[in-house]
Structures are given as C-alpha cells and as structure tokens.
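Reading through the structure tokens given below for one structure.
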Amino acid sequence: MMQRVLVMGCSGSGKTTFARALADKLGLPLVSLDALFWKPGWRESEPAEFSARVTEVADGPAWVIDGNYVSHGAGQLRRSRADSILWFDLPRLACLSGVIRRIAASHGQVRPEMAPGCPERVDLTFLRYVWTYRQQQRPKLLAYFDGLRADQRLVGFTARSQAVDFLTGLRASARA
C-alpha cells in the first residue's frame with residue numbers, strides 16, 4: 001500500500017492534477033513543493049528554510065509530495081522515506097502545451113498548489129526551463145532514481161493516459 005509517494009516530472013506534464021487525484025484516492029495529505037519553496041512575489045525561500053519545511057513534511061507518516069527539487073529541499077530524505085515514486089516522463093511538446101494551457105486558464109490567479117502571492121504568469125525563463133527539461137533536468141532525475149532501494153516502487157508514465165489508467169487500476173483494486 002502506498003503511504004509516502006513522490007510525484008515527479010516536468011512542469012506541464014499533469015503531475016499536480018494526478019497528485020491531487022492520487023492523494024484523494026488514497027486519503028493522504030497532498031504537499032506541493034512549489035508552495036513550500038516560493039514566497040509572495042515569486043521570491044525563492046532560503047535553502048535552509050526550504051529544507052526544514054520539507055524535512056518536517058517528509059518526517060510525517062503518510063503523504064503525496066508533488067514536485068522535484070531533487071538537489072535541495074531534503075531531496076535525499078524524501079527519496080529515502082518514499083515507498084513509491086510516480087514519474088511523468090512526457091515529451092517536450094506535451095509538457096509545453098500543458099504549461100501554455102495552464103497559463104491561459106489561470107493567468108493572474110494563484111493556483112491552489114502555489115504559494116500565496118504567486119499568480120500564474122508568462123515567464124520566458126520558465127518556458128525555457130520546460131523546453132530544455134529533457135536535456136537539463138531529466139538526467140538529474142535519472143541519477144536521483146539510481147539511489148532507490150529494491151523495496152521502493154518506481155512507475156514511469158510516458159503519456160497522460162497511462163497515469164489515468166494507473167488511477168483507474170487503484171480504484172479497481174480498492175473495490176476488489
């Protein structure tokens with residue numbers, strides 16, 4: 001049974017929507033790393049402050065944590081405490097289109113998984129991050145996954161439909 005789950009992948013891949021549905025399905029608290037990292041006005045938290053916030057969450061008995069931040073924010077602790085890692089490894093255009101749809105739908109509004117004072121906006125640096133994610137960030141995630149133990153479960157999704165099927169499978173197994 002999943003009790004401590006990391007949901008990871010590129011922005012725009014659908015990981016937050018999935019994490020919300022998974023947390024609801026499992027009855028676990030959902031934690032957004034973006035909400036812990038960002039301060040009003042899109043200011044970054046100090047590394048020690050962010051790490052302390054994430055450590056407090058990761059020390060809890062059960063959670064679904066949405067986000068990456070593998071090189072800081074108690075990344076190693078999160079990996080060691082997780083029993084399952086669900087990874088959205090979608091193509092670049094799928095992620096970029098997801099981000100563009102999100103910006104169009106919620107521009108100027110603070111999304112529920114974000115920190116207060118961080119409204120959705122067009123940010124060229126962020127769009128470049130999404131565009132270069134597979135070359136720049138994906139190798140870091142692969143290295144992060146190399147540290148998993150044999151008793152930890154890694155599930156990769158290369159299409160959003162696979163994530164939907166995964167949730168459907170959880171529902172079916174819960175009824176059985």
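Nothing in this text is a laboratory measurement; each read-out follows from the coordinates by a stated rule. Quick caveat, the model's predicted, so the values are computed rather than measured. Because the Cβ atoms are built from the backbone with ideal geometry, glycine has one as well, and the counts that use them run over all protein chains shown.
Observations on the structure shown:
- Calculated P(r) tail over 13 Å for segment 19-58, as whole % of Cα pairs: 57 percent
- For the chain: rounded, prolate or oblate by the Cα gyration tensor [a/c cutoff 1.5]: rounded
- The simple Förster model, with R0 at 30 Å and r as the Cβ-Cβ distance, assigns S106 and T168 a FRET efficiency of 0.70.
- Where a label projected 7 Å from the Cα of Q136 along Cα→Cβ would reach, residues of segment 101-123 with amide N under 16 Å: 123
- Beta bridge orientation in the chain: antiparallel %, DSSP, nearest 5: 10 percent
- Here the chain is scanned for trypsin sites (Lys or Arg not before Pro) in DSSP loops (not H, G, I, E, B) that have at most 12 other Cβ atoms within 10 Å, and the longest stretch holding none of them is 1-120.
- Backbone N under 19 Å from the L93 label point (7 Å along Cα→Cβ), restricted to segment 4-23: 10-14
- The label point for D83 and the one for A52, both projected 7 Å from the Cα toward the Cβ, are 3.1 nm apart.
- The modelled label-to-label distance between E44 and L148, using points 7 Å beyond Cα along the C-beta direction, is 2.7 nm.
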